[in-house]
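Chemist: One structure, as structure tokens, below. Some questions next.
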Amino acid sequence: MAGLISIDFAAPEPVVAQVFDIYPVADDIKIFKSDTKLKPFKRVEIPPVTPQLDTQSTKNVSVEPVSVDPVDFDWTPPTLDRKRYIINAADTDEQPLLRQAPAMPTRASRSGHCIMAFDVNAEGAPYNIIATNCSDNVFTRASVKAVGKWRYRPKVVGGQAVSRTGMRSKISFQLTDEAGRIIPE
């Protein structure tokens, strides 16, 4: 203990008070002036006026009137015998016209999918939209919104558009990392 106390002690140098300027004044920026000399302007020659071509005047041109004998034109469309001709529109299934992709939910942490069940009315708009099976509940709302914006050419039976029930579709969501690799489900 005595050895520790007997060591010569030197007081640290006093701390110099630091002063900060709240409203500093910026130095002016030096303006660089170029020493480039401009070349003298060359005089431009104006091209000569375009010569006028000699053309014939159209003041003395006369056109004789053309006379056409009036023709009695009476056209009536042919009559169709409905018993003889039967016109049926082809029966068709519904066809997708517009399928808008859903927006990726911001809370999604991985890729996923939803299996959707819906019906299509006679105008081609989906209704009764239900997400029957989703890999994660985060994808349900985005899938229902996307299917609601889809449009179909409706099913045609006997020449009339009818609604179709029991439609199913799978919507896949692919989330990628910073490197562009798909994060699996």
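Read the figures in this text as sums done on the coordinates, not as results from a lab. Only a predicted model underlies this, so the values are computations on that prediction, with no experimental measurement involved. Note that each Cβ is placed from the backbone with ideal geometry, even for glycine, and that neighbours are counted across all protein chains shown.
Chemist: Where does each of Ile130, Ile46, Ile171 land when they are ranked from fewest to most other beta-carbon atoms within 10 angstrom?
Modeler: Ile46, Ile130, Ile171
Chemist: On full extension of the chain, what length is gained from Ser34 through Val162, given 0.36 nm per residue of separation minus the C-alpha to C-alpha distance?
Modeler: Full extension from Ser34 to Val162 adds 38.1 nm.
Chemist: Can you tell me which lysines have their Cα less than 19 Å from the Cα of Lys170? Leave out same-chain residues fewer than eight positions away.
Modeler: Lys145, Lys149
Chemist: Using a basic spin-label model with each label point 7 Å from the Cα along Cα→Cβ, how many nm lie between Ile115 and Ala11?
Modeler: In this crude spin-label approximation the distance works out to 8.6 nm.
Chemist: Over all alpha-carbon pairs in the range 95-180, figure out the percentage whose distance exceeds 15 Å. Each step should come with its number before you reach the end.
Modeler: Values: 2122 of 3655 pairs.
Within the range 95-180, distances greater than 15 Å cover 58 percent of Cα pairs.
Chemist: Identify the residues of the range 117-160 with backbone N under 11 Å of a label point that sits 7 angstrom from the Cα of Leu98 along the Cα-to-Cβ direction, or state none.
Modeler: Residues 125, 149-152 fall inside that zone.
Chemist: With θ set to phi - 60° and the Karplus curve 6.51 cos²θ - 1.76 cosθ + 1.60, what are the ³J(HN,Hα) couplings of the range 123-129 in order, to the nearest whole Hz, using x for Gly and Pro?
Modeler: Rounded to whole hertz, the list is 8, x, 9, x, 8, 6, 7.
Chemist: Going through the range 95-168, which trypsin sites (Lys or Arg not before Pro) have at most 11 other Cβ atoms within 10 Å and a DSSP loop state? Mind showing how you got there, number by number?
Modeler: Details: sites: Arg99, Arg107, Arg110, Arg141, Lys145, Lys149, Arg151, Lys155, Arg164, Arg168; in loops: Arg99, Arg107, Arg110, Lys149.
Here the sparse-neighbourhood loop sites are Arg107.
Chemist: Using 1/(1 + (r/R0)^6) with R0 = 25 angstrom and r between the beta carbons of Ala108 and Ala179, what's the FRET efficiency to the nearest 0.05?
Modeler: Here the calculated transfer efficiency is 0.90.
Chemist: Give a quick list of chymotrypsin sites (Phe, Trp or Tyr not before Pro) in the range 79-153 that DSSP marks as loop, anything other than H, G, I, E or B, with at most 14 other Cβ atoms within 10 Å. Each step should come with its number before you reach the end.
Modeler: Numbers: sites: Tyr85, Phe118, Tyr127, Phe139, Trp150, Tyr152; in loops: Tyr85, Trp150.
Listed in order of number, the matching sites are Tyr85.
Chemist: Please list the non-local residues whose amide H lies under 5 Å from the amide H of Glu185, H modeled 1.01 Å from N, same-chain partners needing a gap of 5 or more.
Modeler: Here Ser111 satisfy the definition.
Chemist: To continue, here is another question. Can you list residues whose amide H is under 5 Å from Ala122's amide H, if they're 5+ apart or on another chain and H is modeled 1.01 Å from N?
Modeler: It is Ser163, by chain and number.
Chemist: Would you pull out the residues with amide H under 5 Å of Asp136's amide H, same chain only if 5 or more places away, H placed 1.01 Å from N?
Modeler: His113
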